[in-house]
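Following: one structure in structure tokens, then a few remarks.
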């Protein structure tokens with residue numbers, strides 16, 4: 001087995017490999033073109049009986065694992081939303097792994113708890129959120145949304161649901177737009193409301209939740225004997241980065257005394273730019289807010305920043321105090337295990353600290369503006385290209401478009417054509433895109449948000465799209 005000498009030797013070797021990998025990552029095919037189980041079949045069915053050398057293990061990593069990796073940190077990765085890393089974040093993750101700290105309460109790692117508390121204050125200042133908010137780092141926005149729904153449930157039932165479950169008398173309803181993320185459906189199911197009680201609200205022509213339709217749905221439910229509980233607004237929907245009108249939605253929630261949670265998982269990072277603070281007009285009237293630094297703020301997954309207006313309601317929902325977790329510090333410090341679902345917690349604040357200090361506010365803003373500028377450039381290319389069209393108005397750094405030869409008008413045929421184009425683009429390995437449906441029509445998505453993406457990568461991606469579109473016919 002490995003000793004300290006070997007650890008030092010291979011740690012240096014691994015760091016050299018990591019630096020080479022990140023420096024030359026744009027030369028690799030972004031997505032492997034493999035058949036299912038091709039990696040699985042190369043791995044023995046049973047673990048080794050005797051110790052194997054680290055050199056042998058590392059060789060297998062390079063020869064077996066790496067050919068099956070999708071390179072999310074490639075500047076040619078334009079799919080989904082990014083799960084960004086950066087040099088300072090990677091270094092912090094190395095230190096976090098070395099420390100191996102379990103950060104469930106203040107006493108198990110005072111530095112972790114207090115650094116997390118301060119980082120949440122830094123993010124409030126960076127994003128322009130109300131100073132009265134209090135934050136905690138969750139693993140993902142999915143967990144944060146579930147946390148918000150559970151907190152709303154407990155406040156509405158006087159914390160009776162935690163004690164004795166649903167009494168069957170109140171039929172709660174939760175509301176979101178029909179463009180909202182699927183994690184809301186899952187959260188509603190997990191929280192025990194039943195998916196049938198998630199009401200999907202119609203959107204306007206820009207795919208934003210209609211506050212008028214929201215109000216009508218709430219009134220209809222009240223008249224039918226339901227109990228409206230919570231509204232989830234989205235800043236930056238997954239399909240198109242539509243921005244729900246927060247101020248108008250907040251007024252509806254205030255009128256009916258409903259919990260308002262804001263899912264800004266991806267687009268929330270844009271609030272670091274003062275020119276995008278219009279997205280949170282009405283923020284003083286929300287109850288909870290989440291965004292993911294691990295998406296567009298150059299911080300390794302996982303790191304999801306969750307903010308609440310009233311931390312006491314949050315803590316009362318989740319606190320459990322077995323004898324073995326009692327300490328003399330209770331009430332004097334933040335024990336973050338009481339602020340969410342998890343008991344065990346990683347030292348996530350460290351990488352956030354490294355990133356915010358190494359980039360600085362100006363560095364983050366500069367990179368975000370460049371991503372948005374590059375997306376604007378692509379949108380302009382699409383609008384001026386023969387046989388291509390925009391599917392939605394560009395809001396941030398996502399461009400939704402499709403290939404539309406002038407001689408084709410049949411929508412089903414256009415869907416098949418774009419599906420084939422996407423498949424050929426991704427098989428080529430030069431870039432990676434994903435798709436969505438915009439008003440029922442198959443659309444390609446190109447997201448410019450990778451940490452080190454440059455104009456040359458974007459220009460090359462667009463040329464690849466043009467050339468590939470000309471190389472085949474349906």
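Compute the separation of the alpha-carbon centres of segment 373-392 and segment 115-138 and state it in Å as a whole number.
Computed from Cα coordinates, the inter-centre distance equals 36 Å.
Once the convex hull of the alpha carbons of segment 316-358 is built, what does its volume come to per residue, in cubic angstrom? All intermediate terms of the calculation are to be shown ahead of the outcome.
Working: hull volume 4.5 nm³, N = 43.
In segment 316-358, the Cα hull volume divided by residue count equals 104 Å³.
Between the alpha-carbon centers of segment 57-99 and segment 400-466, tell me the distance in whole angstrom.
Segment 57-99 and segment 400-466 have Cα centres separated by 25 Å.
Looking at the square roots a ≥ b ≥ c of the eigenvalues of the Cα gyration tensor of segment 133-182, which shape do they give, rounded for a/c under 1.5, prolate if a/b is larger than b/c, or oblate? If you can, show how the numbers build up before the last one.
Numbers: a/c = 2.45, a/b = 1.35, b/c = 1.82.
Here segment 133-182 falls in the oblate category.
Just need log10 I(q)/I(0) for segment 294-426 at q = 0.14, 0.15, 0.21, 0.22 Å⁻¹, Debye formula, equal scatterers on the alpha-carbon atoms, no solvent, rounded to two decimals.
-0.86, -0.90, -1.23, -1.29
With 10 angstrom as the radius, rank 17, 339 by how many other C-beta atoms surround their C-beta, starting from the fewest.
Lowest to highest Cβ neighbour count: 17, 339.
Tell me, 16, 415 in order of fewest to most beta-carbon neighbours within 10 Å? Could the numbers behind the result be given before it?
Numbers: 16 10, 415 17.
Ascending Cβ contact count within 10 Å gives the list 16, 415.
What's the extension gain from residue 102 to residue 70 if we count 0.36 nm per residue and subtract their Cα-Cα distance? Display every interim value, and only then the final one.
Working: separation 32, 0.36 × 32 = 11.52 nm, distance 2.99 nm.
Here the segment from residue 102 to residue 70 would lengthen by 8.5 nm.
For segment 150-226 and segment 3-22, write down the distance between their C-alpha centroids in whole Å.
50
Kindly give the semi-axes, whole Å and largest first, of the ellipsoid equivalent to segment 272-370, taking each as the square root of 5 times a Cα gyration tensor eigenvalue. Walk me through the intermediate numbers first.
On the way: eigenvalues 186, 69, 23 Å².
They are 31, 19, 11 Å, listed from largest to smallest.
Calculate, in whole percent, how much of the Cα-Cα pair population of segment 101-346 lies beyond 31 Å.
Details: 6468 of 30135 pairs.
For segment 101-346, the share of Cα pairs beyond 31 Å comes to 21 percent.
If you line up the Cα atoms of segment 168-304 on their principal axes, what length do they span on each, largest first, in Å?
46, 28, 27
Using only the Cα atoms of segment 176-216, what are the Rg and Dmax in Å?
11.0, 33
Consider all pairwise Cα distances in segment 329-401 and report the whole-number % of them above 19 Å. Mind dumping the intermediate values first?
Details: 1626 of 2628 pairs.
The answer is 62 percent, as a whole percent.
In terms of the Cα gyration tensor, with a ≥ b ≥ c the square roots of its eigenvalues, is segment 260-314 rounded because a/c is under 1.5, prolate because a/b exceeds b/c, or oblate?
Numbers: a/c = 2.71, a/b = 1.19, b/c = 2.28.
The shape class here is oblate.
When 1/r is averaged over all different Cα pairs and the result inverted, which Kirkwood radius in Å belongs to segment 4-70? List each step's numbers first, then the result.
Working: mean 1/r = 0.0714 Å⁻¹.
Computed over Cα pairs of segment 4-70, the Kirkwood hydrodynamic radius comes out at 14.0 Å.
Can you sort 231, 308, 69 by how many other beta carbons sit within 10 Å, fewest first? Please report the intermediate quantities before stating the final value.
Values: 231 31, 308 25, 69 13.
Going from least to most buried by this count: 69, 308, 231.
Over the Cα atoms, compute the radius of gyration (one decimal) and Dmax (the largest Cα-Cα distance, rounded to a whole number) for segment 1-138, in Å.
19.9, 57
Using all alpha carbons of the chain, what is the percent of pairwise distances in each 10 Å bin, ordered from the shortest bin to the longest?
For the chain, the binned pair fractions read 4, 18, 26, 26, 19, 7, 1, 0 percent.
Could you give the spread of the C-alpha atoms of segment 59-176 along their three principal axes, from largest to smallest, in whole angstroms?
60, 34, 31
Taking square-rooted eigenvalues a ≥ b ≥ c of the alpha carbon gyration tensor, is segment 142-210 rounded, prolate or oblate, where a/c under 1.5 means rounded and, failing that, a/b exceeding b/c means prolate?
Details: a/c = 2.53, a/b = 2.03, b/c = 1.25.
Prolate, since a/c reaches 1.5 and a/b exceeds b/c.
Using the eigenvalues of the Cα gyration tensor, what equivalent ellipsoid semi-axes result for segment 361-470 when each is taken as the square root of five times the eigenvalue, whole Å, largest first? Before the final figure, lay out each step's value.
Numbers: eigenvalues 128, 43, 29 Å².
Value: 25, 15, 12 Å, ordered largest first.
Taken together, the values in this text are just the output of simple stated rules run on the coordinates, not laboratory data. Quick caveat, the model's predicted, so the values are computed rather than measured. Heads up, the Cβs are rebuilt from the backbone with ideal geometry, glycines too, and the neighbour counts pull from every protein chain shown.
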